[in-house]
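Since the structure comes first, as structure tokens, the remarks are kept for the end.
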Amino acid sequence: MEKVIVVGASHGGAQIVASLRQQGWEGEILLIGDEPWLPYHRPPLSKTFLAEDKPIDAMLIRPAESYSNANITTLLGKRVTAIDPEKLEVSLDDGAIHSGSHIVLATGGTPRRLPLPGADLTGVNVLRDANDVLAIKERAKAGNNAVIIGGGYIGLETAASLRKMGVAVTLLEAEDRILARVTGPTISAFYQRVHGEEGVNIITGARIACIEGDSEVSAVLLQDGTRIDADLVVMGVGINPNTELAEAAGLKIDNGIVVDETAKTSANNIYAIGDCTQHYNPLYQRWIRLESIQNATDQAKVAAAAICGKEASYNALPWFWSDQYDIKLQIAGLSHGFDEIVIRGSLDEGRSFAAFYLQAGKLIACDAVNRPMEFMVAKRLLTEQKAVDSAALSDESVDIKTLLQA
């Protein structure tokens with residue numbers, strides 16, 4: 001039976017079912033998702049969906065009719081409980097079993113919850129899907145107090161949205177600076193300044209003793225005795241890749257489901273895409289697991305081509321973005337391991353600059369804050385592996401586009 005079964009209905013799942021048809025797949029396609037909605041855009045969850053009255057239907061990646069028009073069957077609100085790599089079968093929580101010729105795992109990740117006393121109180125939330133945001137919105141009333149645990153991008157985006165809603169926000173970060181795991185100290189300082197200007201109380205080096213409350217959250221207590229009132233707590237401390245199905249089926253796992261350059265797993269005719277995967281990136285010459293829409297959609301296109309018997313390999317440049325207040329941050333590449341940072345613009349005033357990260361004189365990443373041209377140029381420089389002059393990068397009198405001609 002020529003049938004592709006896709007487990008997971010987020011960005012990766014939505015892309016691969018569309019790409020399969022675009023690549024000429026004529027067999028059946030079954031898309032299974034554990035939420036009751038068709039695939040929807042995730043980035044607005046911590047932004048417009050939280051801060052505004054935006055319905056989920058307005059966030060659909062593709063309209064409902066696009067699935068029926070492409071003869072794609074969707075099973076929503078169903079959870080896959082097991083996969084059989086020999087029979088190429090998937091078992092569902094309702095007892096149903098579906099078999100095909102190929103399986104694609106687009107299972108994403110699950111938000112981490114810190115094992116704190118009181119973490120199970122009503123009002124303590126994570127932010128990963130629409131249901132999470134709907135629960136947060138119930139308590140995000142103007143004048144209420146929110147505590148956000150975690151100073152990464154999700155935490156900061158949530159803080160920005162809650163401040164727009166008139167909620168008092170305290171953000172707790174265990175490290176000595178926000179964004180410590182993803183960027184350099186200069187960018188951390190910039191965002192600390194911006195959030196301070198917007199009224200967010202940021203406490204770094206925070207050690208949490210417990211979350212207080214009877215049945216509902218009322219406060220967060222720090223180990224130094226500081227008590228912070230809280231009508232709402234949001235944990236934004238990263239995700240764990242959903243590898244349980246793959247692991248139980250005997251697939252190779254290493255900080256994610258290990259896939260090759262075609263997104264194929266260690267099992268024949270089983271592929272994996274998105275946040276749940278670990279892949280080798282030829283640009284950075286190392287194995288990485290990326291939590292980004294770009295990675296999920298690019299891997300989906302490669303997997304679809306491979307399933308259709310076409311030549312394809314994943315070698316895309318990682319890129320990301322974050323919207324906070326009036327700031328659009330666009331990130332090209334991975335800055336891990338940089339030994340030099342070049343700033344174009346001012347970090348100390350205003351909200352527009354670009355930070356270029358170099359390693360042994362070679363450009364490896366760029367953070368562009370309200371600088372779309374620098375972002376575009378950096379993507380080209382990184383993809384084409386062009387040499388750069390750091391002096392020219394920092395000199396705003398030099399047209400950034402001329403660096404592409406070097």
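The values are calculated or read from the model by the stated rules, or taken from the named source; none is laboratory data. Nothing here was measured: the structure is a model prediction, and the numbers come from that model. We place every Cβ from the backbone using ideal geometry, glycine too, and count neighbours over all the protein chains shown. With ligands, DNA and RNA removed, areas are computed over all heavy atoms of the protein, side chains included. Shrake-Rupley method; radii C 1.70, N 1.55, O 1.52, S 1.80 Å.
Here are the numbers for the structure shown:
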| item | result |
| --- | --- |
| 222 nm mean residue ellipticity, helices alone, for the chain (DSSP H n ≥ 4; -39,500 (n - 2.57); rounded to 500) | -6500 deg cm²/dmol |
| Average projected area [Cα convex hull, segment 264-372], square nanometres | 8.4 nm² |
| Projected area, mean over directions - the chain, Cα convex hull, nm² | 21.0 nm² |
| Of Leu404, Gly166, Ala368, farthest towards positive along the dipole that unit charges on Lys, Arg, Asp, Glu beta carbons give the chain | Leu404 |
| Share of carbon and sulfur in the accessible heavy-atom surface of segment 1-133 [1.4 Å probe, %] | 47 percent |
| Dipole of segment 1-159 [Lys/Arg +1, Asp/Glu -1 at C-beta], most positive-end residue of Ile136, His102, Ala64 | Ile136 |
| Solvent-accessible area per residue, Å², over segment 181-312 with all protein chains present [probe radius 1.4 Å] | 43 Å² |
| Charge dipole magnitude, Cβ of K and R +1, D and E -1 - the chain, Cα centre, debye nearest 20 | 540 debye |
| Furthest towards positive pole of dipole, Val124, Leu88, Ile341, structure part the chain, Cβ charges | Ile341 |
| Nitroxide proxy distance, nm - points 7 Å out along Cα→Cβ at Glu216 and Arg380 | 5.5 nm |
| Cleavage-rule hits, GluC sites (Glu not before Pro), segment 1-94, DSSP coil, Cβ neighbours within 10 Å at most 13 | Glu2, Glu26, Glu52, Glu86 |
| Surface accessible to a 1.4 Å probe, per residue, for the residues of segment 75-167, Å² | 42 Å² |
| Given charges at beta-carbon only (K, R positive; D, E negative), |dipole| of segment 37-121 in Debye | 320 debye |
| Neighbour cut-off at most 14 other Cβ (10 Å), DSSP loop, trypsin sites (Lys or Arg not before Pro), segment 169-247 | Arg181, Arg207 |
| Accessible surface of segment 154-277, 1.4 Å probe, proportion on carbon and sulfur as whole % | 42 percent |
| Shape category assigned to segment 1-54 from the gyration tensor of Cα positions, a/c cut at 1.5 | prolate |
| Cβ-placed point charges (K, R +1; D, E -1), dipole of segment 77-150 about Cα centre in debye, nearest 20 | 440 debye |
| Segment 207-338 - Rg and Dmax from Cα coordinates, angstrom | 20.0, 62 |
| Where the Cα pairs of segment 333-400 fall when distances are cut into 10 Å bins, in % | 23, 59, 18, 0 |
| Per residue accessible area in Å² of segment 341-385, where ligands, DNA and RNA are left out and the probe is 1.4 Å | 40 Å² |
| Stretch gain in nm, segment Lys401-Lys141, where the contour uses 0.36 nm per residue and the Cα spacing is subtracted | 89.0 nm |
| Alpha-carbon centroids, segment 344-360 and segment 231-269: separation in whole Å | 34 Å |
| Translational diffusion coefficient (Stokes-Einstein; Kirkwood radius from C-alpha pairs) of segment 190-269 at 20 °C, 1.002 mPa s, in µm²/s | 127 µm²/s |
| Shape parameters for segment 44-183, alpha-carbon atoms, Rg then Dmax in Å | 19.3, 57 |
